[in-house]
Amino acid sequence: MANINIDSRKKNTFDAIVVGSGISGGWAAKEFTEKGLKTLVLERGRDVKHIVDYPTTNKYPYEFEHRGELTQAVREESPIASRCYAFREDAMHFFVKDKEHPYVQEKPFDWIRGYQVGGKSLLWARQTQRWSDFDFEGPKRDDFAVDWPIRYRDIDSWYSYVERFAGISGHKDGLQALPDGDFLPAYPLNAVEDYFKKVVGSKYANRHVISSRCAHLSAPKQIHFDQGRGQCQNRVLCQRGCPFGGYFSSNSSTLPWAEKTGNLTLKPFSVVESVIYDDRLGKATGVRVVDTNTKEVTEYYAKVIFVNAAAINTNLILLNSTSTRFPQGLGNDSGVLGKYVAFHNYSARISAEYDGLKEFTKDGRNPSDGGYMPRFRNLLKQETDFKRGYAAGFNASRSPLRDTSGFGAELKAQLLNKELGPWRVGSHMMGETIPKESNYVKLDASKKDDWGIPLLKISVDYDDNDAKMKQDYIEQMTEMFTEAGFKNITPNVSSQAPGLDIHEMGGVRMGYDPKTSILNKWNQLHACKNVFVTDGACMTSTSTQNPSLTYMALTARAVDYAVSMMRKNEL
Ligand SMILES: Cc1cc2nc3c(=O)[nH]c(=O)nc-3n(C[C@H](O)[C@H](O)[C@H](O)COP(=O)(O)OP(=O)(O)OC[C@H]3O[C@@H](n4cnc5c(N)ncnc54)[C@H](O)[C@@H]3O)c2cc1C
């Protein structure tokens, strides 16, 4: 009997365990396996093999039963996920069904989730901007949250490292607030986007419109071909999964790369219930996993554990990892675990029309989504009565005039009309929110999911700072649109719940002081050195830039550190 136990423990023992196979977990898997560590990746969802499991990728619109639209039944099954713009008939199979994965909303929060191998890396919009010291120094300068224990110089080379492998297109714009990276050629702006760039550049000293930086292979290099990926074909059907590997996903890039090393064991259908902490050894020894199909519970062991279940689920796992030493959740000596959750505020947009430049049209499809205005408010000095600021997307397009009011031959003739309408321009706000103790997640005391894991209770909301910032965005964009001669300027302020922007962060924040933070500067739990968190849960503040590139860089950096510590027997 004793031998059977020893054998089964040995069979379930790895050098490293990674929880979650999305953007950050995929990077952890790649880095560990490349460095020679036998690595177990545990993923709660099903497997999604690159190309093989992209069932809609080559479908024409008329091949979809509902021409891409959602039925009432689908909306009822997923009332939250179906609010996401990417949740359409062609990609809804990559989102969770809300009814199967309940959570408690103390305040309305749209939690958008993709439970499968690859996580949300299949669905993301691939916007990839570096952070700068305006972000890492933000909390200290503007007096909120706690000071980040790192600065831009700590992560600069790791950004380059992940950019080269993932393939990021962009211009070197030379902007202080948005450092340049190791880029593939940028996707060009179209005529009106370029016109707006010139207007803004000539009228405002510190405002810029640049080509969005995005994780697309505009001109692949050998390292991308070695991954089995090829040139982006500008199909802009990305959320279906790309058979060319034209954009970065765990499925097309990091996971197959890790698999090639022979060091990867990937276990789908394995939901991690908790991290096992050994009071006697004073460290974590492994994780407890529930098989999502059979509900059988298994323990897996490793010297180091990376929790990369995406920000909110990582909070859940740590909160649920209680022991004599950590009765409030793993590493939670300070009581801040689950608190200071923040997000991005995408709840304001503005649109307009432009009568000029009619000799031009949109030249093909642009997978990068056009222009990007890095944050300009409160950057060099505090100039408003709210803290921090926002970035803004900007794009312009023209479509044929389509009058659908007629019938029969008249309608057919109208639909075939190739005459183009005016340019339509649009922008959306990407606001930084301030992490607060009152924005938290915690375990529900009684309700559990189908796998016996406590449901998460989410209590997160906007505040007055967000309202003022939103108002300022509308005013500033209206002014810039007016300067550009745009007409019919229409603000659109939505009352959407937080969460729909899908950049939730925090709860397991980094900091210098174990009394006010959970992780140190290496993303390592202050109080349990062989557990690391490198997904959005680790973020001390949110910046305005899309966060995933920063998760990738932090992950590669943390694995490098963890392995160096392991080699010195210090983990
Ligand atoms: C429509 C959309 C557009 C987006 N656009 C952008 C963008 O342009 N730029 C950007 O930076 N970000 C964008 N994002 C956000 C981006 O997708 C996430 O920031 C990123 O995927 C986070 O990486 P992650 O590894 O933390 O989580 P994920 O990629 O979500 O992966 C987490 C994985 O963990 C698994 N998991 C969860 N709990 C457990 C458990 N208990 N046990 C085992 N496995 C578990 C999940 O199933 C999942 O596979 C977008 C997201 C969406 C949906």
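The values are calculated or read from the model by the stated rules, or taken from the named source; none is laboratory data. Fair warning: this is a prediction, and the values are worked out from it, not measured in the lab. All Cβ positions, glycine included, derive from the backbone under ideal geometry; neighbour counts span all protein chains shown.
Listed conditions (1) under 21 Å from the mean Cα position of the chain (by Cα); (2) in a loop (DSSP other than H, G, I, E, B); (3) touching a residue at least 60 places away in the same chain (Cβ under 8 Å) are all met by PRO149, apart from (1). Checking TYR187, TYR195 one by one, the residue that is farther than 30 Å from LYS35 by Cα, assigned to a loop (DSSP other than H, G, I, E, B) and at pLDDT 95 or above is TYR187 and no other. TYR187 passes every criterion in (1) under 30 Å from ASP53 (Cβ atoms); (2) free of Cβ contacts under 8 Å to residues at least 12 places away in the same chain apart from (2). The residue of segment 512-538 that is nearest to ASN569 (Cα to Cα), among those that are away from the ligand (no atom under 16 Å from the Cβ), among the polar types (S, T, N, Q) and in contact (Cβ under 8 Å) with a residue 60 or more places away in the chain, is ASN530.
Just the residues that are surrounded by fewer than 18 Cβ atoms within 10 Å (Cβ to Cβ), among the small types (Gly, Ala, Ser) and either assigned to a loop (DSSP other than H, G, I, E, B) or at positive phi (or both), please, taken from segment 68-100. Correct list: GLY68 only. Across segment 118-139, the number of residues qualifying as within 16 Å of the ligand (Cβ to nearest atom), assigned to a loop (DSSP other than H, G, I, E, B) and on the phi < 0 side of the Ramachandran plot comes to 8. Scanning segment 36-67 for residues that are on the phi > 0 side of the Ramachandran plot and not small (Gly, Ala, Ser), we see that the one that is farthest from the ligand (Cβ to nearest atom) is ARG67.
Taking TYR103, is it out of contact with any Cys (no Cβ under 6 Å at 6 or more places or on another chain) and either under 25 Å from VAL460 (Cα atoms) or surrounded by 15 or more Cβ atoms within 10 Å (Cβ to Cβ) (or both)? Yes: the conditions hold for TYR103.
Restricting the search to segment 227-257, which residues are among the small types (Gly, Ala, Ser) and either within 14 Å of the ligand (Cβ to nearest atom) or surrounded by fewer than 21 Cβ atoms within 10 Å (Cβ to Cβ) (or both)? Can you show your working first?
Start the filter on segment 227-257 by keeping residues that are among the small types (Gly, Ala, Ser), which leaves 228, 230, 241, 245-246, 249-250, 252-253.
The answer is GLY228, GLY230, GLY241, SER249, SER250, SER252, SER253.
In segment 454-474, is there at least one residue being touching a Pro at 6+ places or on another chain (Cβ under 6 Å), among the hydrophobic types (A, V, I, L, M, F, W, C) and over 30 Å from VAL336 (Cβ atoms)? Yes, some residue in segment 454-474 is touching a Pro at 6+ places or on another chain (Cβ under 6 Å), among the hydrophobic types (A, V, I, L, M, F, W, C) and over 30 Å from VAL336 (Cβ atoms). Annotation: THR33 fulfils all but one of (1) more than 15 Å from the ligand (Cβ to nearest atom); (2) more than 24 Å from VAL289 (Cβ to Cβ); the unmet one is (2).
Here is a yes/no grid of residues against (1) crowded, with 16+ Cβ neighbours inside 10 Å; (2) away from the ligand (no atom under 13 Å from the Cβ); (3) outside the structural domain of GLY426 (by TED's automatic domain parsing); (4) part of a helix (DSSP H, G or I):
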{"site": "GLY114", "(1), (2), (3), (4)": "yes, no, yes, no"}
{"site": "ARG141", "(1), (2), (3), (4)": "no, yes, yes, yes"}
{"site": "ALA145", "(1), (2), (3), (4)": "yes, yes, yes, no"}
{"site": "ILE155", "(1), (2), (3), (4)": "yes, yes, yes, yes"}
{"site": "TYR161", "(1), (2), (3), (4)": "yes, yes, yes, yes"}
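With the condition kept exactly as written, say whether any residue in segment 416-433 is of a type in the set (Gly, Ala, Ser), surrounded by 15 or more Cβ atoms within 10 Å (Cβ to Cβ) and under 21 Å from GLU504 (Cβ atoms). Yes, because at least one residue in segment 416-433 is of a type in the set (Gly, Ala, Ser), surrounded by 15 or more Cβ atoms within 10 Å (Cβ to Cβ) and under 21 Å from GLU504 (Cβ atoms).
Can you list the strands (runs of 3 or more DSSP E) lying wholly within segment 305-411 that have 3 or more residues being touching a helix residue (DSSP H, G or I) at 6+ places or on another chain (Cβ under 8 Å), within 16 Å of the ligand (Cβ to nearest atom) and under 22 Å from ASN488 (Cα atoms)? Give the derivation first.
Numbers: elements: 339-342, 348-354, 371-373, 390-397.
The qualifying strands (runs of 3 or more DSSP E) are 390-397.
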